[in-house]
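Step one of this worksheet: look at the structure below.
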Amino acid sequence: MLLIFIAVVAPPQRGERRLIKRAQGGDVGAFEQLLEANGPAMRRLAYSMLGDEATMDDVLQTAYVRAFRALPKFDGRSSFGTWLHRIVANAAVDELRRIARRGEVDLEALEGRAAASSPDIGEASDTRMDLANALAGLPADLRIVVLMVDAEGYSYDEVAEVVGIPPGTVASRLSRARAALRPVLEARSEAA
Amino acid sequence: MTDRDEELGRALRDLPAPPHREGFHAELRARLEDEVASRRTAKRRAWRPRLVPALAGATALAATIVLVLALLPGRVDRGIVNEPAQAAQVVERARAALAGVRSLRATLVVRQRLNEQEPLTTDRLRVALTDRGDLRVLGSAQDGDFYYSARDAREVQLELPYAPGSFVTRGVAPGAPDGLIGDRRLGLQAAAITRALAAARTGTVREETVDGRAAYVLRADIPVNKLGYSGDRLEVVVDRQTGFPLSVRETLQGRLVQGFELDDLRLNPSLPASAFAPDYPADATVVDEGFRTVPFSAAQARVGYTPIAPRALPAGFGRSVTRVATTTPSPTGNEALNPPSRDVVSTAYRRGLDTVIVSTRRTGADPDAWADPIASGEGNLVEPERVRINGGALRGATANLVLDPRVEPHVYVVTDELVVTITGPLTREELLAATASLG
């Protein structure tokens, strides 16, 4: 919990602030260093939400360019990672909406996009594999909510704003997502 | 409200993510370099360093000065005056003073702590502003010297400590959500703390003695930013004799987050337009944000639709300037996530040192893609009050009214054709009246 707290609210440190200043001044290399420090978290977020490697890369490129464009507006009172996180999450939601529109289906119907293309998790435990598969099998609208709230620490209000649904809907979708994922964790506990 | 499953969250965060495809970083670098190049050619997108909050704070205080002057210039009865009628009376009594201020010069002492771990820093800035909209902030150790000339729609930043050279930005919009004017938007967010208090009448005012001087002290609890470092209480100390602020303090559990103090205040000094338009080096980086000053009546020919204007603004506000842009340098909204702005008309209405900005832009293909264009800052989520508009060109549409301590009071309306904003130090009723009078 402490780690998550730090990840969500940690303010910019001196070294990061210098990089931000340089990046705000147009230094692409400085911006790339900022991305490098946050890359794994952003990949995890984008992949988990989108469930597809190619789409993850496309969305992250879009999000990073947006972030570079918006960087002059970054006022430094939250961490760069927090700020970037919101941009990536928004870009992923945009992409899911686009997919839904293109296919003339609802977000809820975008089920299991990732099921056939789970990442190579190497020697990951069966539980991680099971959880990855269970997550990939969720409809996108449930996946987004559980990732944003439980994994990333967003409040219901924040998710509501990003996804564009009422907070009550966030709560109900979260409940459904947990109901689907919780048995995987509980099976692990029982096995242990 | 957040009800978080910590165990599930940990397990989800532990899931692996695939690496990027080959060539991802090279593609990204090429796109970023294109961005930089497009800024430098100044055709589509402006490029300039931003002012850090300390300097933005200067504009904040400048605006706060105006507000406090407006808020508390008259006699206030002893004790707390937090009854709505009394607070409103104080505000209304004060507004007459606002219109009389033509210019201001002062030394501004800015103290701030960027976050919990950082030490308090102090900057002494020489600030000047006029009722034309000019702004000058000199002597910042962090940000060098800054000038904005309303006449020329141009900003000049000289002697920046953190980037070589000087920067000139021309074609600047007159205000939010497009015109940052030295990131004055951020400044206005801070200033809006007091403005919103005035609008919402949520603060208290008490007569106290501060540093041996009779003063009015305005206090209010403010919501803490969920993601960033911010205060939970605001306190504005106003000299009772002069009606000007002695200090503005934002604190978190009693610890200073940021504070402004005003020294050497001079009202209505002579400040010609040239005082805000310095010479700059020939090798300065010059960029263009794309806004051009036009008569309001000529705006339609530039943007292809009939611009709208409020018929009901508080007494004394008059149209100051209209600028138009076919595109703008950065999308609006938090993290700049709104769709690109097209065919923007932005008009400033001024009364003394105060400004109301009315802007319109094309909605584009997806009205649902628009969030509040007047960004309220990272991690500061504001739920607007939704009000059906009962008159004017937008009759029947929904106005999103935002009165929040960290953002300038404003209304935004998204129709199928236009996104409309009204931003300024107005009350709820005044904002709604202005919105219903658009035509």
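The values are calculated or read from the model by the stated rules, or taken from the named source; none is laboratory data. What you see is a predicted model, and the numbers here were worked out from it, not measured in a lab. All Cβ positions, even for glycine, are placed from backbone atoms using ideal geometry, and neighbour counts span all protein chains on display.
For the stretch A:129-146, the criterion of being assigned to a loop (DSSP other than H, G, I, E, B), more than 10 Å from every other protein chain (Cβ to nearest Cβ) and at pLDDT 80 or above is met by at least one residue. Total residues in the stretch B:289-330 satisfying the condition of being assigned to a loop (DSSP other than H, G, I, E, B), under 20 Å from B:His410 (Cβ atoms), of a type outside the set (Val, Ile, Thr) and in contact (Cβ under 8 Å) with a residue 60 or more places away in the chain: the figure is 8. Residues that are within 10 Å of chain A (Cβ to nearest Cβ) and touching a residue at least 40 places away in the same chain (Cβ under 8 Å) within the stretch B:333-343 comprise B:Gly333, B:Asn334, B:Glu335, listed in sequence order.
Residues in the stretch B:82-118 that are within 20 Å of B:Leu234 (Cα to Cα), loosely packed, with under 15 Cβ neighbours inside 10 Å and modelled with pLDDT of 70 or more: 1 in all. If the condition is being outside any helix (DSSP H, G or I), more than 7 Å from chain A (Cβ to nearest Cβ) and either modelled with pLDDT of 90 or more or at positive phi (or both), then the stretch B:20-47 contributes B:Glu22, B:Gly23, B:Ala42. Restricting attention to the stretch B:260-281, does a residue exist that is of a type in the set (D, E, K, R), assigned to a loop (DSSP other than H, G, I, E, B) and touching a strand residue (DSSP E or B) at 6+ places or on another chain (Cβ under 7 Å)? No; the residues of the stretch B:260-281 include none that is of a type in the set (D, E, K, R), assigned to a loop (DSSP other than H, G, I, E, B) and touching a strand residue (DSSP E or B) at 6+ places or on another chain (Cβ under 7 Å). Looking at B:Ala163, is it more than 21 Å from the chain's Cα centre (by Cα), of a type outside the set (Phe, Trp, Tyr) and modelled with pLDDT under 75? For B:Ala163, the condition - more than 21 Å from the chain's Cα centre (by Cα), of a type outside the set (Phe, Trp, Tyr) and modelled with pLDDT under 75 - is met.
For the stretch B:278-298, the set of residues classified as of a type in the set (A, V, I, L, M, F, W, C) and within 24 Å of the chain's Cα centre (by Cα) consists of B:Val286, B:Val287, B:Phe291, B:Val294, B:Phe296, listed by residue number. Put simply, of B:Val205, B:Val156, B:Val137, B:Val217 the only residue that is of a type in the set (A, V, I, L, M, F, W, C), touching a strand residue (DSSP E or B) at 6+ places or on another chain (Cβ under 7 Å), more than 27 Å from B:Val237 (Cβ to Cβ) and at pLDDT 60 or above is B:Val156. When residues in the stretch B:123-151 are screened for being more than 20 Å from the chain's Cα centre (by Cα) and acidic (Asp, Glu), 1 of them pass.
Applying the criterion of being modelled with pLDDT under 70 and polar (S, T, N, Q) to the residues of the stretch B:220-253, the residue that is nearest to B:Val109 (Cα to Cα) is B:Thr242. With respect to the conditions (1) surrounded by 18 or more Cβ atoms within 10 Å (Cβ to Cβ); (2) under 30 Å from B:Thr363 (Cβ atoms); (3) not acidic (Asp, Glu), B:Thr306 lacks only one, and its number is (1). Taking into account only those residues within the stretch A:48-67 that are at the interface with another protein chain (Cβ under 9 Å from one of its Cβ atoms) and hydrophobic (A, V, I, L, M, F, W, C), which is surrounded by the most Cβ atoms within 10 Å (Cβ to Cβ)? Only one residue tops the list, namely A:Met56.
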